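Structure first, then comments.
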Amino acid sequence: MAAVRRYGVLESAPTASFDRLTALAARVLRAPAAVVSIVDHDRIWFASHHGVRLDAMDRNPELSGSAILREDPWIIEDALTDPSAADNPLLAAGLGLRSYVGVPLRTQDGHVIGTLCVLDHEPRVVTADDLQTLQDLGEMATGELDLRTAAAMLTLPLV
């Protein structure tokens with residue numbers, strides 16, 4: 001949670017860079033929706049959303065299958081047949097979503113603070129190219145956070 005606070009992204013205004021990133025992820029991966037999520041102690045905040053209207057949702061702290069607790073991407077090709085879909089708040093929220101592909105947003109010091117994910121109303125098979133594309137875009141999201149944090153530190157008054 002300290003890493004999430006350090007980036008100061010919670011409740012920040014939407015940014016064009018994240019909005020372009022989610023639109024690009026959805027377009028390139030042929031998915032109707034994509035989001036950049038930041039996971040706080042008690043909620044999941046959406047720094048950007050494309051194709052689905054989400055600002056924040058409650059986070060269950062006992063959520064064992066949460067993408068933020070994983071080292072690798074989390075892939076749910078069909079929520080109707082994958083038992084881990086019940087642990088995914090986006091798929092279990094009644095939005096009619098059937099598939100989820102999310103990659104962790106990992107800070108330079110190794111903390112996972114959120115995900116970049118694409119969502120679909122239909123089941124989908126994820127290729128290695130799809131996954132690599134999403135991982136590259138996820139690293140771009142983390143890079144954007146690093147740049148914003150560095151810029152904010154440069155503007156702080158020296159004491």
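The values are calculated or read from the model by the stated rules, or taken from the named source; none is laboratory data. Note that this is a predicted model, so its numbers are computed, not measured. Note that we place each Cβ from the backbone using ideal geometry, even for glycine, and neighbour counts take in every protein chain shown.
Among the residues of the range 119-146, what is the count of those that are out of contact with any helix residue (DSSP H, G or I) (no Cβ under 9 Å at 6 or more places or on another chain) and farther than 15 Å from VAL103 by Cβ?
Count: 5.
Out of curiosity, is VAL39 surrounded by fewer than 21 Cβ atoms within 10 Å (Cβ to Cβ) and modelled with pLDDT under 95?
No, not satisfied.
So is LEU63 at pLDDT 85 or above and out of contact with any Phe, Trp or Tyr (no Cβ under 8 Å at 6 or more places or on another chain) or not?
So LEU63 does not fit the description; no.
Which count do you get for residues in the range 80-106 that are at pLDDT 85 or above, within 24 Å of ASP42 (Cα to Cα) and surrounded by fewer than 19 Cβ atoms within 10 Å (Cβ to Cβ)?
Of the residues in the range 80-106, 1 are at pLDDT 85 or above, within 24 Å of ASP42 (Cα to Cα) and surrounded by fewer than 19 Cβ atoms within 10 Å (Cβ to Cβ).
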